[in-house]
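Participant: Sharing a structure below in structure tokens format, with a few things to ask.
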Amino acid sequence: MPIPSRAALLDHLVRSRIAGNVATPRDNNLSHYRKLANGDRHYWLGLELGERWNDEQDVLAVMAERCGVNDDPAHRTGQDTIDPELTVAALDRMAARLAKAAEDGQRVLFATGHPGALLDLHSSTAAALRAAGCDVVRIPGGLTADEGYVVQFADVAVFGRGASLWHTHSPEPMNAILDRLDTPPDLVVADHGWAGRAAQRGIDALGYADCNDPALFLAEAEGTLQVAIPLDDNVPDPRHYEPLAGYLLDAAGLSAPGVPERGGVGSR
């Protein structure tokens, strides 16, 4: 796994469009901010936001501050952005929390609503924490939610239907897990409704979030979620997240299984 320098990671994030000029268009971002402000719970990602964020412009202001989208309300269509500096700063905050989990040997649960893109990122983090002495939580068998099933693949909880793993924003798969665990995890590392619902239920949570998923950034602003990491959560080639994982684990003082590849996009 490559371990880039900070400068090399910033360059990689922009070139891969994980940050910088991202694929998600401005009108899609604003549509999601408006729907969240209007009370559409699909966009609350398992959080209880009440009427605290019922103004689209307030949501936009937080997203500009914490994600790096364009802060001009008159910019309605076309290109939007994620600030790569904010991505790396959030990774540093996430690394500090992972280091604490490793130091204390905590129980950590991993989950993703983006199994096609983020599964390896979560799985490599889980492997590194296990190697450092953490207990990576195994979910109970036979869990169901949203007319599908909740299973664990490569240490990461995912949602599926039929023979396929599905993209989901729903908090119900996380509810299914937490309702059946005898003891809640000390930390959840996730995204979408998996992260939002864990945080809402009082569990320390770290969540990756795209620029059209404002709820996790609002939760971080309110102190419900510990860290929201801004990035495009579905770039076409999942291997583009490998330098990000290498930087994160190195910053946390963790090692991925095997010998890391130094160089590539830059040595740390």
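Participant: What are the residue pairs meeting all of these: first residue in segment 78-98, first residue over 24 Å from Leu129 (Cβ atoms), second residue hydroxyl-bearing (Ser, Thr, Tyr) and part of a loop (DSSP other than H, G, I, E, B), Cβ atoms under 9 Å, and 6 or more apart or on different chains?
Facilitator: Close Cβ pairs (under 9 Å, with a partner that is hydroxyl-bearing (Ser, Thr, Tyr) and part of a loop (DSSP other than H, G, I, E, B)) amount to Asp80/Thr24; Ile82/Thr24.
Participant: With respect to Leu36, is the statement that it is modelled with pLDDT of 95 or more and in a helix (DSSP H, G or I) true? Outline the logic, then answer.
Facilitator: On the way: modelled with pLDDT of 95 or more: yes; in a helix (DSSP H, G or I): yes.
Yes: the conditions hold for Leu36.
Participant: Give the number of residues within segment 75-97 that are farther than 24 Å from Leu30 by Cα and among the hydroxyl-bearing types (Ser, Thr, Tyr).
Facilitator: Residues meeting the conditions: 0.
Participant: Identify all residues within segment 169-197 that are within 12 Å of Val108 (Cα to Cα) and not hydroxyl-bearing (Ser, Thr, Tyr); write none if there are none.
Facilitator: The initial filter retains those residues of segment 169-197 that are within 12 Å of Val108 (Cα to Cα), namely 183-190.
Hits for segment 169-197 are Pro184, Pro185, Asp186, Leu187, Val188, Val189, Ala190.
Participant: Also: Go through (1) closer than 30 Å to Pro2 by Cβ; (2) of a type in the set (D, E, K, R); (3) in contact with a helix residue (DSSP H, G or I) (Cβ under 6 Å, 6 or more places away or on another chain) for Asp146 and report which single condition fails.
Facilitator: Only one criterion in (1) closer than 30 Å to Pro2 by Cβ; (2) of a type in the set (D, E, K, R); (3) in contact with a helix residue (DSSP H, G or I) (Cβ under 6 Å, 6 or more places away or on another chain) is unmet by Asp146, namely (1).
Participant: Considering only strands (runs of 3 or more DSSP E) fully contained in segment 83-181, which possess at least 2 residues that are among the aromatic types (Phe, Trp, Tyr)?
Facilitator: Here the list reads 148-153.
Participant: With within 24 Å of Ala90 (Cβ to Cβ) and touching a strand residue (DSSP E or B) at 6+ places or on another chain (Cβ under 9 Å) as the only criterion, which of Asp186, Asp135, Asp146, Asp104 stands out?
Facilitator: Working: Asp135 fails: within 24 Å of Ala90 (Cβ to Cβ); Asp146 fails: within 24 Å of Ala90 (Cβ to Cβ); Asp104 fails: touching a strand residue (DSSP E or B) at 6+ places or on another chain (Cβ under 9 Å).
Step by step, each of Asp186, Asp135, Asp146, Asp104 is checked, and only Asp186 is within 24 Å of Ala90 (Cβ to Cβ) and touching a strand residue (DSSP E or B) at 6+ places or on another chain (Cβ under 9 Å).
Participant: Would you mind finding the one in Arg197, Arg161 that is of a type in the set (Lys, Arg) and over 26 Å from Glu222 (Cβ atoms)? Walk me through how you get there before you give the answer.
Facilitator: Working: Arg197 fails: over 26 Å from Glu222 (Cβ atoms).
Arg161 is the lone residue from the list that is of a type in the set (Lys, Arg) and over 26 Å from Glu222 (Cβ atoms).
Participant: Are any residues in segment 102-158 of a type in the set (A, V, I, L, M, F, W, C) and farther than 20 Å from Tyr241 by Cβ, and if so, which ones?
Facilitator: Ala102, Ala132, Cys134, Val137, Ile139, Leu143, Ala145, Val150, Val151
Participant: Within segment 6-21, which residues are of a type in the set (Gly, Ala, Ser) and either touching a His at 6+ places or on another chain (Cβ under 8 Å) or surrounded by 17 or more Cβ atoms within 10 Å (Cβ to Cβ) (or both)?
Facilitator: Those that are of a type in the set (Gly, Ala, Ser) and either touching a His at 6+ places or on another chain (Cβ under 8 Å) or surrounded by 17 or more Cβ atoms within 10 Å (Cβ to Cβ) (or both): Ala8, Ser16, Ala19, Gly20.
The values are calculated or read from the model by the stated rules, or taken from the named source; none is laboratory data. Everything quoted here is computed from the prediction, not taken from an experiment. Quick reminder, even Gly has a Cβ in these numbers, built from the backbone with ideal geometry, and neighbours come from all protein chains shown.
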